[in-house]
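Accompanying notes for the structure given below.
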């Protein structure tokens, strides 16, 4: 029995005490932001769009509400029996006198713990210097042999092989198959990396796995795997999961690629780029040769000009020209002489003409012939009554001898 | 690669390309006797053809590393 007190306790209305409790909840550090894990039951989604369910474990239950705005942004579809962790604030629904969790985020149970473990291990390995930039080894520009650490059956393998074939098939791929998820994955990945490091001539190792949940990728956050990658003497590219996934293996690798395909792209140069490069150097080669060729040609032409200047041929040309000159002079000389001779000849012929019988006849002399044509130069050649032709300048006079000078008495007329 | 000169076919792409680069550098550098220049130029031409042929004809070779079984050839 409660005894009557001298100072009676104040009495509250239900509303007053409920409000008091609510304020108490709302000022509590834990209750205002908390992760609660349990299994979903009594899930209901009324037309309002809000989601109601009960989160429970073996011993207790907690009513939960997700408002419509949050509900539409949930990354997963809630189902009864699902083990989840709900984030939010615990408050009081005054009408029912019911405390409940107003959840604003949901994740699968385990992810949170994994993430914590991830952060813890990352911090520890980072402090150890495993991720330090100075540990990173530059990738070879043109690898000839690539080690590949991935599942033999995964899509990542095909993605990588296809990419290599397309870009640069001049490499040899050495596949070290291993499990990429589950308990057995970390030791197998480590063994594959170590085995490839034992192989001669491996220029580069690609560690790859296709996309998956945080749990699926967990092997690549395993400390053994991270250390094997960090300690690999062969450069390593990781291509694990999708663009948004970061594993500790990525931090330890020399280069992190977003996906297996991207890892293959980073591993080798592109064939078409190499073709252009080779083309360019081929042109450079031709240009270097042409340059030299032109130089040699110019030098040769120069020499040939100089040689021509001192050559006997040049001398001969000089002589030939001199000869031409002499010949010309000779000819002109000859011509002159001929002209002179011609003039002389003309004179002579004129003289000769003056002495010709016709010219004498012109001057009044006559030629006398017998009718037989015999020249008469003496009276003794003719007799009385002989017929004679007397040639004068313009014709012939037929005449008869009357008398000669030795013909006494006939006077004497001498021819 | 049987149609290529034997001394070339031993070269990897990278080796061939590196030699090509040094030949061009030599031709562009200090002048050498002409017959040497001609030889270098001809060798360079061969290397260009060889590199192009490698890029055109190459096939990806895949081998599997398996400590428990003999390595096997695989054409993926």
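All of the numbers you see were taken from the coordinates with simple rules; none came from a lab. Everything quoted here is computed from the prediction, not taken from an experiment. Cβ placement follows ideal geometry from the backbone for every residue including glycine, while neighbour counts extend to all protein chains displayed.
Annotations
- Prolate/oblate/rounded label for region A:157-236 (Cα gyration tensor, a/c 1.5): oblate
- Compactness of region A:294-366 was expressed as the Cα radius of gyration divided by 2.2 N^0.38 Å, which yields 2.72.
- Between 0 and 90°, nearest 10: helix A:312-355 axis offset from chain A longest Cα axis: 20 degrees
- Rg [Å, one decimal], Dmax [Å, integer] - the protein assembly as shown, C-alpha atoms: 64.3, 242
- Cα gyration tensor, region A:99-146 - rounded (a/c under 1.5), prolate or oblate: prolate
- Here A:30, A:84 are placed in order of increasing Cβ neighbour count within 10 Å, fewest first, which gives A:30, A:84.
- Length-normalised contact order for region A:206-287 - Cα pairs under 8 Å, 6+ apart - percent: 29 percent
- Inter-chain shielding of B:10-23 (mean C-beta neighbours from other protein chains, 10 Å cut-off): 3
- Taken residue by residue and averaged, Cβ atoms of other chains lying within 10 Å of the Cβ of A:235-241 number 0.
- By average C-beta atoms within 10 angstrom, highest first, the peptides A:312-319, A:120-127: A:120-127, A:312-319
- For the peptide B:55-64, the mean number of other protein chain Cβ atoms found within 10 angstrom of a residue's Cβ is 6.
- Length-normalised contact order of region A:22-102 in % [C-alpha pairs under 8 Å, at least 6 apart]: 35 percent
- Taking only the C-alpha atoms of region A:352-398, Rg followed by Dmax gives 11.6, 37 Å.
- Nearest-ten-degree value, helix A:271-310 long axis tilted from longest Cα axis of chain A: 30 degrees
- Whole-angstrom gap from region A:138-184 to region A:277-332, using each part's C-alpha centre: 64 Å
- When the alpha carbon coordinates of region A:8-67 are projected onto the principal axes, the ranges are 45, 28, 21 Å, largest first.
- Global form of region A:29-176, assessed from the alpha-carbon gyration tensor, a/c cut-off 1.5: prolate
- For region A:240-384, convex hull volume per residue from C-alpha positions, Å³: 346 Å³
- Treating each Cα of region A:91-194 as one equal point scatterer and applying the Debye formula with no solvent, the log10 of I(q)/I(0) at q = 0.16, 0.19, 0.20, 0.23 Å⁻¹ comes out as -1.02, -1.18, -1.20, -1.23.
- With respect to chain A, whose longest principal axis is taken over its alpha-carbon atoms, helix A:185-198 is tilted by about 30°.
- With contacts taken as Cα pairs under 8 Å at a separation of at least 6 residues, chain A carries a relative contact order of 9 percent.
- Residue exposure proxy: A:338, A:82, ordered by other Cβ atoms within 10 angstrom of their Cβ from fewest to most, comes out as A:338, A:82.
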